[in-house]
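As C-alpha coordinates, the structure follows; a few thoughts come after it.
The values are calculated or read from the model by the stated rules, or taken from the named source; none is laboratory data. All figures in this text were calculated on a predicted structure; none of them were measured in a lab. Counting neighbours? That spans all protein chains shown, and the Cβs are built from the backbone with ideal geometry, glycine included.
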Amino acid sequence: MKKITLFLLVLTAVFYSCQDKNAYTIEGNFSEITFEGKTIYLQKIDSMNAQSATVLDSAVIKDSKFTLKGIGDGNIIMGFLSVGKLEQPEPESPVATLILEPGTIKVNFDKKDVLLAGTPKNEEFNKLLVVMNQIGGLIEEVNKAGNVDAVPLDANGQDVKTRMDKHQEEMKKVSYDFVKANMTNKAGQFMFYSSFNSFTKDEIKELISLSDSTFRNTREIKDLAEELNRVIPEVGQPFADVELVDVEGKRVKLSDYAGKNKCVVLDFWASWCGPCIQEMPNLINTYKTYKSKGLEIVGISVDDDRSAWVNAVMTHKMVWVQLADDVKQASKVYGISMIPHTVVIDRNGIIVAKELRGKELDAKIAEVLK
(Lines give C-alpha, C1' and ligand atoms only; values in the text may rest on other atoms or scores of the structure.)
Protein backbone atom coordinates (compact mmCIF):
# COMPACT_ATOMS: atom_id res chain seq x y z
CA MET A 1 0.00 0.00 0.00
CA LYS A 2 2.82 2.39 0.87
CA LYS A 3 4.46 1.70 -2.50
CA ILE A 4 1.20 2.43 -4.36
CA THR A 5 0.67 5.63 -2.37
CA LEU A 6 4.23 6.76 -3.10
CA PHE A 7 3.74 6.02 -6.80
CA LEU A 8 0.54 8.08 -6.91
CA LEU A 9 2.25 10.98 -5.16
CA VAL A 10 5.10 10.91 -7.67
CA LEU A 11 2.64 10.68 -10.57
CA THR A 12 0.65 13.63 -9.21
CA ALA A 13 3.82 15.69 -8.81
CA VAL A 14 4.84 14.95 -12.41
CA PHE A 15 1.36 15.88 -13.64
CA TYR A 16 1.38 19.23 -11.90
CA SER A 17 4.95 20.00 -12.91
CA CYS A 18 3.92 19.44 -16.55
CA GLN A 19 0.96 21.75 -16.01
CA ASP A 20 3.22 24.42 -14.51
CA LYS A 21 5.53 24.10 -17.48
CA ASN A 22 2.69 25.06 -19.87
CA ALA A 23 0.95 27.60 -17.63
CA TYR A 24 0.49 31.20 -18.71
CA THR A 25 -0.79 34.33 -17.00
CA ILE A 26 -2.03 37.41 -18.82
CA GLU A 27 -1.79 40.68 -16.92
CA GLY A 28 -3.57 43.48 -18.72
CA ASN A 29 -4.34 47.10 -18.14
CA PHE A 30 -6.25 49.91 -19.86
CA SER A 31 -5.10 53.52 -19.97
CA GLU A 32 -8.74 54.63 -19.88
CA ILE A 33 -11.79 53.64 -17.80
CA THR A 34 -14.10 53.13 -20.79
CA PHE A 35 -14.54 49.40 -20.13
CA GLU A 36 -14.57 49.47 -16.33
CA GLY A 37 -16.77 46.65 -15.02
CA LYS A 38 -17.03 44.97 -18.42
CA THR A 39 -15.94 41.40 -19.13
CA ILE A 40 -12.86 40.74 -21.24
CA TYR A 41 -12.55 37.36 -22.96
CA LEU A 42 -9.51 35.32 -23.93
CA GLN A 43 -10.34 33.30 -27.02
CA LYS A 44 -8.75 31.12 -29.66
CA ILE A 45 -9.73 30.27 -33.22
CA ASP A 46 -9.38 26.55 -33.80
CA SER A 47 -8.99 26.75 -37.59
CA MET A 48 -9.10 29.26 -40.45
CA ASN A 49 -12.54 27.85 -41.34
CA ALA A 50 -13.97 28.12 -37.82
CA GLN A 51 -17.31 29.92 -37.60
CA SER A 52 -16.75 31.13 -34.05
CA ALA A 53 -14.02 31.50 -31.45
CA THR A 54 -13.55 29.28 -28.40
CA VAL A 55 -13.50 31.06 -25.04
CA LEU A 56 -10.52 30.02 -22.88
CA ASP A 57 -11.03 32.38 -19.93
CA SER A 58 -12.71 35.64 -18.95
CA ALA A 59 -12.38 38.31 -16.26
CA VAL A 60 -14.12 41.48 -15.15
CA ILE A 61 -12.07 44.63 -15.68
CA LYS A 62 -11.50 46.32 -12.32
CA ASP A 63 -9.48 49.49 -11.74
CA SER A 64 -8.62 49.26 -15.46
CA LYS A 65 -6.83 45.94 -14.90
CA PHE A 66 -7.52 42.25 -15.43
CA THR A 67 -5.79 38.90 -15.01
CA LEU A 68 -6.37 35.74 -17.02
CA LYS A 69 -4.78 32.34 -16.56
CA GLY A 70 -4.60 29.08 -18.42
CA ILE A 71 -2.59 25.96 -19.16
CA GLY A 72 -1.57 25.21 -22.70
CA ASP A 73 -1.08 21.82 -24.31
CA GLY A 74 2.52 22.46 -25.29
CA ASN A 75 1.62 24.17 -28.59
CA ILE A 76 2.31 27.86 -29.12
CA ILE A 77 -0.93 29.36 -30.46
CA MET A 78 -2.59 32.69 -31.14
CA GLY A 79 -4.93 34.12 -28.55
CA PHE A 80 -7.40 36.98 -28.91
CA LEU A 81 -8.61 39.44 -26.27
CA SER A 82 -11.78 41.47 -26.66
CA VAL A 83 -14.26 43.21 -24.39
CA GLY A 84 -17.25 41.08 -25.22
CA LYS A 85 -16.80 38.00 -27.38
CA LEU A 86 -15.17 38.31 -30.80
CA GLU A 87 -18.47 37.63 -32.58
CA GLN A 88 -20.12 40.63 -30.88
CA PRO A 89 -17.62 42.82 -29.02
CA GLU A 90 -18.48 45.93 -27.06
CA PRO A 91 -18.62 49.14 -29.18
CA GLU A 92 -15.10 50.56 -29.65
CA SER A 93 -13.54 47.49 -28.03
CA PRO A 94 -9.92 46.99 -29.05
CA VAL A 95 -8.99 43.47 -30.10
CA ALA A 96 -5.58 42.26 -28.99
CA THR A 97 -3.78 39.42 -30.73
CA LEU A 98 -1.16 37.73 -28.59
CA ILE A 99 0.89 34.56 -28.39
CA LEU A 100 -0.23 32.01 -25.81
CA GLU A 101 3.02 30.62 -24.45
CA PRO A 102 4.23 29.78 -20.94
CA GLY A 103 5.05 32.71 -18.68
CA THR A 104 3.53 36.03 -17.70
CA ILE A 105 2.26 38.01 -20.68
CA LYS A 106 1.81 41.77 -20.27
CA VAL A 107 -0.88 43.45 -22.39
CA ASN A 108 -1.26 47.22 -22.42
CA PHE A 109 -4.31 48.86 -24.04
CA ASP A 110 -3.46 52.50 -24.69
CA LYS A 111 -6.57 53.91 -26.34
CA LYS A 112 -6.69 52.04 -29.67
CA ASP A 113 -3.08 50.82 -29.51
CA VAL A 114 -2.08 47.45 -28.09
CA LEU A 115 1.42 46.56 -26.85
CA LEU A 116 2.76 43.22 -25.61
CA ALA A 117 5.65 42.24 -23.38
CA GLY A 118 6.77 39.65 -20.86
CA THR A 119 7.49 36.50 -22.89
CA PRO A 120 9.90 35.88 -25.82
CA LYS A 121 7.31 35.30 -28.57
CA ASN A 122 5.17 38.23 -27.45
CA GLU A 123 8.19 40.54 -27.38
CA GLU A 124 8.87 39.36 -30.93
CA PHE A 125 5.26 39.80 -32.03
CA ASN A 126 5.11 43.26 -30.44
CA LYS A 127 7.46 44.56 -33.18
CA LEU A 128 4.61 44.01 -35.63
CA LEU A 129 2.09 45.69 -33.34
CA VAL A 130 4.30 48.78 -33.03
CA VAL A 131 4.27 49.23 -36.82
CA MET A 132 0.52 48.58 -36.99
CA ASN A 133 -0.02 51.24 -34.33
CA GLN A 134 2.05 53.69 -36.38
CA ILE A 135 -0.04 52.99 -39.46
CA GLY A 136 -3.21 53.41 -37.42
CA GLY A 137 -1.89 56.76 -36.18
CA LEU A 138 -1.29 57.97 -39.75
CA ILE A 139 -4.80 56.92 -40.80
CA GLU A 140 -6.19 58.89 -37.86
CA GLU A 141 -4.14 61.93 -38.94
CA VAL A 142 -5.64 61.74 -42.43
CA ASN A 143 -9.17 61.37 -41.06
CA LYS A 144 -8.76 64.38 -38.81
CA ALA A 145 -7.25 66.49 -41.60
CA GLY A 146 -9.96 65.53 -44.07
CA ASN A 147 -7.64 64.30 -46.82
CA VAL A 148 -4.05 63.24 -47.49
CA ASP A 149 -2.92 66.60 -48.85
CA ALA A 150 -4.07 68.41 -45.71
CA VAL A 151 -1.71 66.45 -43.43
CA PRO A 152 1.41 68.57 -42.71
CA LEU A 153 4.93 67.30 -43.27
CA ASP A 154 6.60 65.66 -40.28
CA ALA A 155 9.79 66.87 -38.56
CA ASN A 156 11.87 65.18 -41.27
CA GLY A 157 9.97 66.89 -44.08
CA GLN A 158 8.18 63.68 -45.19
CA ASP A 159 4.57 63.74 -46.34
CA VAL A 160 2.02 61.24 -45.05
CA LYS A 161 2.17 59.04 -48.18
CA THR A 162 5.94 58.63 -47.86
CA ARG A 163 5.57 57.75 -44.19
CA MET A 164 2.75 55.30 -44.92
CA ASP A 165 4.77 53.55 -47.64
CA LYS A 166 7.70 53.26 -45.25
CA HIS A 167 5.59 51.78 -42.46
CA GLN A 168 3.84 49.31 -44.79
CA GLU A 169 7.20 48.11 -46.12
CA GLU A 170 8.43 47.74 -42.56
CA MET A 171 5.28 45.84 -41.59
CA LYS A 172 5.79 43.41 -44.44
CA LYS A 173 9.38 42.75 -43.32
CA VAL A 174 8.46 42.32 -39.64
CA SER A 175 5.54 40.02 -40.56
CA TYR A 176 7.80 37.92 -42.75
CA ASP A 177 10.50 37.68 -40.08
CA PHE A 178 7.98 36.60 -37.44
CA VAL A 179 6.33 34.01 -39.67
CA LYS A 180 9.69 32.64 -40.81
CA ALA A 181 10.84 32.18 -37.20
CA ASN A 182 7.56 30.48 -36.22
CA MET A 183 6.50 28.26 -39.12
CA THR A 184 6.78 25.17 -36.92
CA ASN A 185 4.18 26.41 -34.42
CA LYS A 186 0.50 27.23 -34.74
CA ALA A 187 0.98 30.95 -34.04
CA GLY A 188 3.35 31.35 -36.99
CA GLN A 189 1.14 29.23 -39.20
CA PHE A 190 -1.89 31.34 -38.31
CA MET A 191 0.06 34.49 -39.20
CA PHE A 192 1.12 32.85 -42.46
CA TYR A 193 -2.53 32.49 -43.47
CA SER A 194 -3.18 36.11 -42.45
CA SER A 195 -0.17 37.61 -44.25
CA PHE A 196 0.88 35.48 -47.22
CA ASN A 197 -0.78 37.78 -49.77
CA SER A 198 1.88 40.39 -48.95
CA PHE A 199 4.77 37.98 -49.65
CA THR A 200 6.39 37.07 -52.97
CA LYS A 201 5.99 33.62 -54.48
CA ASP A 202 9.56 32.71 -53.54
CA GLU A 203 9.00 33.87 -49.95
CA ILE A 204 5.81 31.82 -49.67
CA LYS A 205 7.57 28.74 -51.01
CA GLU A 206 10.38 29.22 -48.51
CA LEU A 207 7.96 29.60 -45.60
CA ILE A 208 6.01 26.48 -46.55
CA SER A 209 9.28 24.52 -46.76
CA LEU A 210 10.08 25.56 -43.17
CA SER A 211 6.77 24.24 -41.79
CA ASP A 212 6.07 20.76 -40.45
CA SER A 213 4.64 17.95 -42.57
CA THR A 214 1.20 18.19 -40.93
CA PHE A 215 0.85 21.80 -42.07
CA ARG A 216 2.26 21.12 -45.55
CA ASN A 217 -0.23 18.29 -46.06
CA THR A 218 -3.36 20.31 -45.31
CA ARG A 219 -5.67 20.74 -48.28
CA GLU A 220 -5.29 24.53 -48.24
CA ILE A 221 -1.49 24.43 -48.37
CA LYS A 222 -1.43 21.73 -51.04
CA ASP A 223 -3.74 23.87 -53.19
CA LEU A 224 -1.59 26.94 -52.55
CA ALA A 225 1.59 25.06 -53.44
CA GLU A 226 -0.01 23.84 -56.66
CA GLU A 227 -1.03 27.40 -57.52
CA LEU A 228 2.49 28.69 -56.84
CA ASN A 229 4.05 26.05 -59.06
CA ARG A 230 1.60 26.63 -61.89
CA VAL A 231 3.26 28.38 -64.83
CA ILE A 232 0.94 30.87 -66.52
CA PRO A 233 1.81 31.24 -70.22
CA GLU A 234 3.13 34.76 -70.71
CA VAL A 235 3.81 36.99 -73.70
CA GLY A 236 6.59 35.44 -75.77
CA GLN A 237 5.68 31.88 -74.80
CA PRO A 238 3.63 29.27 -76.68
CA PHE A 239 -0.08 29.09 -75.87
CA ALA A 240 -1.15 26.39 -73.40
CA ASP A 241 -3.56 23.81 -74.75
CA VAL A 242 -6.75 23.33 -72.74
CA GLU A 243 -9.98 21.41 -73.18
CA LEU A 244 -13.30 23.24 -73.53
CA VAL A 245 -16.84 22.47 -74.69
CA ASP A 246 -18.65 23.91 -77.73
CA VAL A 247 -22.30 24.99 -77.96
CA GLU A 248 -23.30 21.49 -79.07
CA GLY A 249 -21.75 19.95 -75.97
CA LYS A 250 -18.79 18.46 -77.80
CA ARG A 251 -15.40 18.59 -76.07
CA VAL A 252 -12.73 20.34 -78.12
CA LYS A 253 -9.18 21.53 -77.62
CA LEU A 254 -7.81 25.02 -78.02
CA SER A 255 -5.17 23.54 -80.32
CA ASP A 256 -7.99 22.84 -82.80
CA TYR A 257 -7.90 26.59 -83.50
CA ALA A 258 -4.61 28.10 -82.28
CA GLY A 259 -1.28 27.47 -84.00
CA LYS A 260 -2.96 26.86 -87.37
CA ASN A 261 -1.30 29.75 -89.24
CA LYS A 262 -3.97 32.20 -88.02
CA CYS A 263 -3.99 35.08 -85.59
CA VAL A 264 -6.19 33.86 -82.74
CA VAL A 265 -7.75 36.09 -80.10
CA LEU A 266 -8.97 34.37 -76.96
CA ASP A 267 -11.80 36.38 -75.40
CA PHE A 268 -12.64 35.35 -71.83
CA TRP A 269 -16.13 36.68 -71.01
CA ALA A 270 -19.50 35.92 -69.39
CA SER A 271 -23.14 36.79 -70.10
CA TRP A 272 -23.41 38.54 -66.70
CA CYS A 273 -20.29 40.68 -67.24
CA GLY A 274 -21.35 44.23 -68.22
CA PRO A 275 -17.94 45.36 -69.56
CA CYS A 276 -17.72 42.14 -71.61
CA ILE A 277 -21.06 42.78 -73.30
CA GLN A 278 -20.20 46.44 -73.89
CA GLU A 279 -17.09 45.29 -75.77
CA MET A 280 -19.01 42.98 -78.16
CA PRO A 281 -19.78 45.64 -80.84
CA ASN A 282 -16.04 46.35 -81.08
CA LEU A 283 -15.26 42.65 -81.43
CA ILE A 284 -17.93 42.28 -84.11
CA ASN A 285 -16.29 45.05 -86.14
CA THR A 286 -12.83 43.59 -85.54
CA TYR A 287 -13.99 40.17 -86.71
CA LYS A 288 -15.59 41.61 -89.87
CA THR A 289 -12.44 43.58 -90.69
CA TYR A 290 -9.83 40.85 -90.19
CA LYS A 291 -11.60 37.50 -90.63
CA SER A 292 -10.77 37.26 -94.31
CA LYS A 293 -7.16 38.21 -93.57
CA GLY A 294 -6.54 35.32 -91.18
CA LEU A 295 -8.17 36.23 -87.85
CA GLU A 296 -10.01 33.79 -85.64
CA ILE A 297 -11.68 34.82 -82.38
CA VAL A 298 -12.32 32.13 -79.80
CA GLY A 299 -14.85 33.24 -77.22
CA ILE A 300 -14.35 31.43 -73.91
CA SER A 301 -17.33 31.81 -71.61
CA VAL A 302 -16.91 31.36 -67.86
CA ASP A 303 -20.70 31.18 -67.35
CA ASP A 304 -22.00 28.50 -65.01
CA ASP A 305 -25.43 28.71 -66.67
CA ARG A 306 -25.27 27.09 -70.12
CA SER A 307 -28.56 28.61 -71.32
CA ALA A 308 -27.46 32.11 -70.31
CA TRP A 309 -24.24 31.62 -72.28
CA VAL A 310 -25.94 30.32 -75.44
CA ASN A 311 -28.68 33.01 -75.30
CA ALA A 312 -26.05 35.77 -74.98
CA VAL A 313 -24.18 34.42 -78.00
CA MET A 314 -27.35 34.62 -80.12
CA THR A 315 -28.58 37.93 -78.69
CA HIS A 316 -25.33 39.76 -79.33
CA LYS A 317 -24.65 38.07 -82.70
CA MET A 318 -21.28 36.65 -81.70
CA VAL A 319 -20.64 34.68 -84.87
CA TRP A 320 -17.07 33.56 -84.13
CA VAL A 321 -16.06 30.33 -82.36
CA GLN A 322 -17.83 30.02 -79.01
CA LEU A 323 -16.58 27.66 -76.30
CA ALA A 324 -17.32 27.29 -72.60
CA ASP A 325 -14.80 26.84 -69.81
CA ASP A 326 -17.14 24.42 -68.06
CA VAL A 327 -14.59 22.97 -65.62
CA LYS A 328 -12.60 26.23 -65.36
CA GLN A 329 -9.46 24.57 -66.70
CA ALA A 330 -8.72 27.42 -69.11
CA SER A 331 -9.28 30.09 -66.47
CA LYS A 332 -6.91 28.30 -64.12
CA VAL A 333 -4.19 27.68 -66.71
CA TYR A 334 -4.28 31.27 -68.02
CA GLY A 335 -4.58 32.80 -64.55
CA ILE A 336 -7.86 34.57 -65.26
CA SER A 337 -9.04 36.50 -62.21
CA MET A 338 -10.99 39.27 -64.00
CA ILE A 339 -12.96 39.53 -67.21
CA PRO A 340 -13.05 40.65 -69.97
CA HIS A 341 -9.60 39.30 -70.68
CA THR A 342 -8.03 38.85 -74.10
CA VAL A 343 -5.00 36.84 -75.23
CA VAL A 344 -3.56 37.38 -78.72
CA ILE A 345 -1.78 34.39 -80.31
CA ASP A 346 0.23 34.74 -83.53
CA ARG A 347 0.30 32.41 -86.54
CA ASN A 348 2.94 30.20 -84.89
CA GLY A 349 1.04 29.76 -81.63
CA ILE A 350 3.08 32.28 -79.64
CA ILE A 351 1.33 34.68 -77.25
CA VAL A 352 2.08 38.23 -78.38
CA ALA A 353 -0.24 40.32 -76.19
CA LYS A 354 -2.76 40.28 -73.36
CA GLU A 355 -5.51 42.54 -72.07
CA LEU A 356 -6.03 44.48 -75.32
CA ARG A 357 -9.37 45.89 -76.44
CA GLY A 358 -10.74 48.28 -79.06
CA LYS A 359 -8.17 50.15 -81.17
CA GLU A 360 -5.21 48.60 -79.34
CA LEU A 361 -6.46 45.10 -80.13
CA ASP A 362 -7.06 46.02 -83.80
CA ALA A 363 -3.54 47.43 -84.08
CA LYS A 364 -1.96 44.27 -82.66
CA ILE A 365 -4.02 42.03 -84.98
CA ALA A 366 -3.00 44.13 -87.98
CA GLU A 367 0.65 43.82 -86.91
CA VAL A 368 0.42 40.04 -86.62
CA LEU A 369 -1.35 39.62 -89.98
CA LYS A 370 0.74 42.02 -92.05
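Taking the options SER17, SER47, SER52, name whichever one is farther than 22 Å from ASP113 by Cα, among the small types (Gly, Ala, Ser) and modelled with pLDDT under 50.
One residue alone meets the criteria, SER17.
For (1) more than 20 Å from LEU115 (Cα to Cα); (2) charged (D, E, K, R); (3) touching a Phe, Trp or Tyr at 6+ places or on another chain (Cβ under 7 Å), each residue gets a yes or a no:
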residue: ILE26; (1), (2), (3): no, no, no
residue: ILE33; (1), (2), (3): no, no, no
residue: LYS65; (1), (2), (3): no, yes, no
residue: ASP73; (1), (2), (3): yes, yes, no
residue: GLU87; (1), (2), (3): yes, yes, no
residue: GLU92; (1), (2), (3): no, yes, no
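Condition check ((1) surrounded by 19 or more Cβ atoms within 10 Å (Cβ to Cβ); (2) on the phi > 0 side of the Ramachandran plot; (3) touching a residue at least 24 places away in the same chain (Cβ under 8 Å); (4) of a type outside the set (Val, Ile, Thr)) across all residues:
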{"position": "LYS121", "(1), (2), (3), (4)": "yes, no, yes, yes"}
{"position": "VAL130", "(1), (2), (3), (4)": "no, no, no, no"}
{"position": "GLN134", "(1), (2), (3), (4)": "no, no, yes, yes"}
{"position": "ILE139", "(1), (2), (3), (4)": "no, no, no, no"}
{"position": "VAL148", "(1), (2), (3), (4)": "no, no, no, no"}
{"position": "ASN156", "(1), (2), (3), (4)": "no, no, no, yes"}
{"position": "ASP159", "(1), (2), (3), (4)": "no, no, no, yes"}
{"position": "ASN182", "(1), (2), (3), (4)": "yes, no, yes, yes"}
{"position": "TYR193", "(1), (2), (3), (4)": "no, no, yes, yes"}
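Search the range 78-94 for residues that are crowded, with 18+ Cβ neighbours inside 10 Å and pair each with any residue that is in a loop (DSSP other than H, G, I, E, B) and among the polar types (S, T, N, Q) when their beta-carbon atoms are under 6 Å apart and the residues are at least 6 apart or on different chains.
SER82/SER93; VAL83/SER93
Of all residues in the range 327-363, how many are under 27 Å from TRP272 (Cβ atoms), charged (D, E, K, R) and either in a helix (DSSP H, G or I) or touching a helix residue (DSSP H, G or I) at 6+ places or on another chain (Cβ under 8 Å) (or both)?
Residues in the range 327-363 being under 27 Å from TRP272 (Cβ atoms), charged (D, E, K, R) and either in a helix (DSSP H, G or I) or touching a helix residue (DSSP H, G or I) at 6+ places or on another chain (Cβ under 8 Å) (or both): 5 in total.
Collect the residues in the range 316-367 that are touching a strand residue (DSSP E or B) at 6+ places or on another chain (Cβ under 6 Å) and either outside the structural domain of ASN285 (by TED's automatic domain parsing) or charged (D, E, K, R) (or both), keeping them in residue-number order.
Once the filter is applied, which keeps residues that are touching a strand residue (DSSP E or B) at 6+ places or on another chain (Cβ under 6 Å) and either outside the structural domain of ASN285 (by TED's automatic domain parsing) or charged (D, E, K, R) (or both), the range 316-367 yields ASP325, ASP326, ASP346, LYS354, LYS364.
Could you list, in sequence order, all residues of the range 25-40 that are farther than 21 Å from GLU87 by Cβ and either of a type in the set (A, V, I, L, M) or in contact with a helix residue (DSSP H, G or I) (Cβ under 9 Å, 6 or more places away or on another chain) (or both)?
Result: ILE33, single match.
Looking at GLN158, is it over 21 Å from LEU207 (Cβ atoms), of a type outside the set (Lys, Arg), in contact with an Asp or Glu (Cβ under 9 Å, 6 or more places away or on another chain) and not assigned by TED's automatic domain parsing to the domain that holds MET78?
So GLN158 fails the test.
Residue pairs, Cβ under 6 Å, 6 or more apart or interchain, first in the range 271-289 and under 22 Å from ASP325 (Cα atoms), second in a helix (DSSP H, G or I). List them.
SER271/ALA308; SER271/TRP309; SER271/ALA312
Kindly provide the set of residues from the range 104-119 that are in contact with a strand residue (DSSP E or B) (Cβ under 6 Å, 6 or more places away or on another chain) and surrounded by fewer than 17 Cβ atoms within 10 Å (Cβ to Cβ), ordered by number.
Across the range 104-119, the qualifying residues are THR104, ASN108, LEU115, ALA117.
Considering the range 294-342 alone, what residues qualify as being under 26 Å from the mean Cα position of the chain (by Cα) and among the hydrophobic types (A, V, I, L, M, F, W, C)?
Hits for the range 294-342 are VAL302, VAL327, ALA330, VAL333, ILE336, MET338, ILE339.
Just checking, does the range 59-66 include any residue being out of contact with any strand residue (DSSP E or B) (no Cβ under 8 Å at 6 or more places or on another chain), closer than 20 Å to PHE125 by Cα and not assigned by TED's automatic domain parsing to the domain that holds TYR193?
no
Report, by residue number, each residue of the range 218-259 that is surrounded by 13 or more Cβ atoms within 10 Å (Cβ to Cβ) and free of Cβ contacts under 8 Å to residues at least 12 places away in the same chain.
Correct list: THR218, ASP256.
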